[in-house]
Amino acid sequence: MEKLKKLRPMKNKEINDLYDYGYKIVQNKDFFKFSLDSILLADFVKINPKDKELLDLCTGNAPLPIILSNKIQNITAIEIQKCIYDMALESIKINKINNIKIINDNLKNLKNYFPGNNFDIITCNPPYFKYQNNSIINENIVKSIARHEITTTIEEIIEISSHLLKSKGRLYL
């Protein structure tokens with residue numbers, strides 16, 4: 001985790017189009033780029049007129065919040081990796097989006113920010129590989145954390161979502 005705190009390079013930063021949504025997104029070719037998963041998940045989310053609050057877990061460089069920003073009133077996102085969080089903030093600024101708040105912390109700490117029963121919708125494009133001591137992972141810690149359950153597990157995502165979703169709220173993975 002110490003490596004994670006020290007890693008903040010922006011030398012290979014680039015600004016790309018966010019598919020065909022009319023937005024720009026800051027990425028770093030040494031890390032990872034948003035994938036089709038993010039686009040598909042954003043298109044899958046159904047937002048009703050009564051929905052006001054959305055939380056995006058494991059937000060990365062914030063493709064989901066940016067895509068959904070014109071469909072819901074308030075978006076909160078959380079990203080553990082400072083270097084990725086910084087890119088998300090820059091993307092939000094470039095796109096002049098005012099209804100997204102990003103937290104740089106571990107999602108396990110969200111109970112410190114919210115008492116519970118806060119969100120109509122929670123989205124998450126989670127790490128998709130289990131992590132064990134004998135797992136083969138990428139040497140790039142940023143990529144490893146994004147792809148493997150190193151800092152969070154699917155069970156933790158479901159547990160925190162259960163706590164933070166309003167009655168009849170929805171979780172999209």
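I'd like to check something: does segment 148-156 contain any residue that is open to solvent by 20 Å² or more (accessible area, probe 1.4 Å), modelled with pLDDT of 85 or more and either touching a helix residue (DSSP H, G or I) at 6+ places or on another chain (Cβ under 9 Å) or in a loop (DSSP other than H, G, I, E, B) (or both)? For segment 148-156, residues open to solvent by 20 Å² or more (accessible area, probe 1.4 Å), modelled with pLDDT of 85 or more and either touching a helix residue (DSSP H, G or I) at 6+ places or on another chain (Cβ under 9 Å) or in a loop (DSSP other than H, G, I, E, B) (or both): present. Residue count for segment 114-129 under the criterion of being surrounded by 15 or more Cβ atoms within 10 Å (Cβ to Cβ) and at pLDDT 95 or above: the result is 7.
Criterion first (within 22 Å of ASP105 (Cβ to Cβ), modelled with pLDDT of 95 or more and in a helix (DSSP H, G or I)) does ILE75 satisfy it? Give the steps one after another, and end with the answer.
Working: within 22 Å of ASP105 (Cβ to Cβ): yes; modelled with pLDDT of 95 or more: yes; in a helix (DSSP H, G or I): no.
Considered against the rule, which asks whether it is within 22 Å of ASP105 (Cβ to Cβ), modelled with pLDDT of 95 or more and in a helix (DSSP H, G or I), ILE75 comes out as no.
Among what's in segment 39-58 and is of a type in the set (Val, Ile, Thr) and modelled with pLDDT of 95 or more, pick the residue that is least open to solvent (accessible area, probe 1.4 Å). If we take residues in segment 39-58 being of a type in the set (Val, Ile, Thr) and modelled with pLDDT of 95 or more, then VAL45 is least open to solvent (accessible area, probe 1.4 Å). Just one of the listed residues (ILE84, ILE121, ILE47, ILE103) is touching a residue at least 40 places away in the same chain (Cβ under 8 Å) and in a strand (DSSP E or B), namely ILE121. If you go through segment 84-109 and pick out every residue that is under 16 Å from the mean Cα position of the chain (by Cα), surrounded by fewer than 21 Cβ atoms within 10 Å (Cβ to Cβ) and not β-branched (Val, Ile, Thr), you end up with 10.
Within segment 19-38, the residues that satisfy the criterion of being open to solvent by less than 80 Å² (accessible area, probe 1.4 Å) and at pLDDT 90 or above are TYR21, GLY22, TYR23, ILE25, VAL26. Selection of segment 21-36 for residues being in contact with a Cys (Cβ under 8 Å, 6 or more places away or on another chain) and hydrophobic (A, V, I, L, M, F, W, C) yields only PHE31.
The values are calculated or read from the model by the stated rules, or taken from the named source; none is laboratory data. Here the structure is a predicted model, which means the values were calculated and not measured. Cβ: placed from backbone, ideal geometry, glycine included. Neighbour counts: every protein chain shown. Accessible surface is based on the protein model in full, side chains and every heavy atom, while ligands, DNA and RNA are left aside. Shrake-Rupley method; radii C 1.70, N 1.55, O 1.52, S 1.80 Å.
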